[in-house]
Amino acid sequence: MTDSRLKTRPAGLGYLINRIQTLFVSMLRIWTIPIVLMLSVSSGFTTYYGLSHFITPWIALVITIAIQSIIVICSLEMAGIHWAANRMRYFSVVASLCVAIAASVTFSYFKFYEISERETLHINRIQQIRQDIKVYLDTVLTHKNQLMQKHQQELDKASRDVSQAYFGTHEQIAEGYKNQVGEGPFWRHYNQIYQEKKQTFQAQEQAFLELDNKIRLLQASLGELDVAKNQETAYYALLKHYQDIQLIVNQVSSSGGLTLPDAPMLMSYKQFSEDVKPSFAMWQGFSWFAFVCAAMVDFFTVLLSYRLEFTAPGPLTAQEEELVFECLRQFSEFRINQNDELEMIIEKSELEKARRYSDWSRMFVVGLLLSRGFLRKVDARTVEFAPNLYPLIAEKMSDKISALKAKAVANASAGHD
């Protein structure tokens, strides 16, 4: 039986370089398989993470496995089919691949969004708290100024009343008692009112000093919120200072007869520290970075799966190799196509049709090679060689040439004898 192994002949440096290059390319093709599997697992994890927030986890796992399998299988199939060969099959493969990629990218986006936007969302929450507190403090300061102005006006009026009562020029004094200087009963009445207003004003000032102190504490705790090691303690200290300010402002406003300023409702610590929960609302605050990261994993999975091509599930036997070589030699129309692959026409020629030639054996071989991945169908009448068919044909051609040379040498030796 003819040795089916490819006979290689050393040829110096060129031979060595060719062997190294062949080994390197082979290693890359082998290494591509675990890379595709790892990328598929990575994409599956992020897809499962996003999908499990919407449906039961075990169902999400089954769907995730199906999505990743479809991506890899369709990518491999696309390398083995041509648009002109079977449009319906090509469309179904492309449509299935697009649906699977869309589902994978959509649910993977949630995970990458959570990772990429966690710090941004935390900063936005702090900014929201600062904005709410700023608006409230602006309102408090406005009320404070109004109260101070009101009490100052009342104190000034009481001071004028006391002075006018002392000199007898107050408008409420009867005509017979006007212009009498001294501390009479009329003066004591207004002096009592003045002392009460003065005490009220001093108490108001003391309350505002306490309010200013609470505001400083609130601002300090707000500044520490983003740098504190214990976020929970810092946040509860912020809420306490905020509530103390509300209490003082409400008391002062009620005593002054002013309406209470609206105090924004700050988020609870649970809301402040809550992780990002995947939801379709994330698409409203679209993150290009998260989307590109989610799409990049599936892109590499599709690209590497496509480059793997539709390889044969197993090698041909020695008998099959011999059958393939002999039957392929029966075809006569070959050319190099735009994919730089050897292409041949599998239809009968006009002469074969006229002679009613039976091409069953060679068409059987074509079907065998198509099913095993050694040939690719270009259209209804044309197929092209897959990369894994060239070494097989080269081996057989080498064997044939060696056999012809050996026969020629034997004939020459017999002629000399």
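The values are calculated or read from the model by the stated rules, or taken from the named source; none is laboratory data. The shown structure was predicted, so the numbers you read here are calculated from the model rather than taken from an experiment. Cβ: placed from backbone, ideal geometry, glycine included. Neighbour counts: every protein chain shown.
Summary table
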item	result
Residue tally, condition of a type outside the set (Ser, Thr, Tyr) and in contact (Cβ under 8 Å) with a residue 60 or more places away in the chain, over region 98-122	11
Selection status of Ser402, farther than 20 Å from Arg335 by Cβ and under 43 Å from the mean Cα position of the chain (by Cα)	no
For Leu351: the one exception among (1) in a helix (DSSP H, G or I); (2) surrounded by 11 or more Cβ atoms within 10 Å (Cβ to Cβ)	(2)
Within region 363-417, tally of residues that are closer than 30 Å to Tyr306 by Cα and among the polar types (S, T, N, Q)	3
Which numbered condition Ser371 fails, given (1) buried (at least 17 other Cβ atoms within 10 Å of the Cβ); (2) without any contact (Cβ under 8 Å) to a residue 12 or more places away in the chain	(1)
Residue ID - modelled with the lowest pLDDT, chosen from residues in region 155-176 that are in a helix (DSSP H, G or I) and surrounded by fewer than 16 Cβ atoms within 10 Å (Cβ to Cβ)	Gly176
Which numbered condition Met1 fails, given (1) at pLDDT 85 or above; (2) not assigned by TED's automatic domain parsing to the domain that holds Leu303	(1)
Qualifying residue in region 354-370 (condition: farther than 30 Å from Ala102 by Cα, under 43 Å from the mean Cα position of the chain (by Cα) and not assigned by TED's automatic domain parsing to the domain that holds Met88)	yes
Filtered residues of region 36-70 (kept if in a helix (DSSP H, G or I), farther than 13 Å from Ile101 by Cα, small (Gly, Ala, Ser) and under 17 Å from the mean Cα position of the chain (by Cα))	Ser42, Gly50
Qualifying positions in region 323-379 - hydrophobic (A, V, I, L, M, F, W, C) and in contact with a Ser or Thr (Cβ under 6 Å, 6 or more places away or on another chain)	Cys327, Ile345
Meets criteria (more than 29 Å from Asn339 (Cβ to Cβ), modelled with pLDDT under 85 and of a type in the set (Gly, Ala, Ser)) for Gly80	no
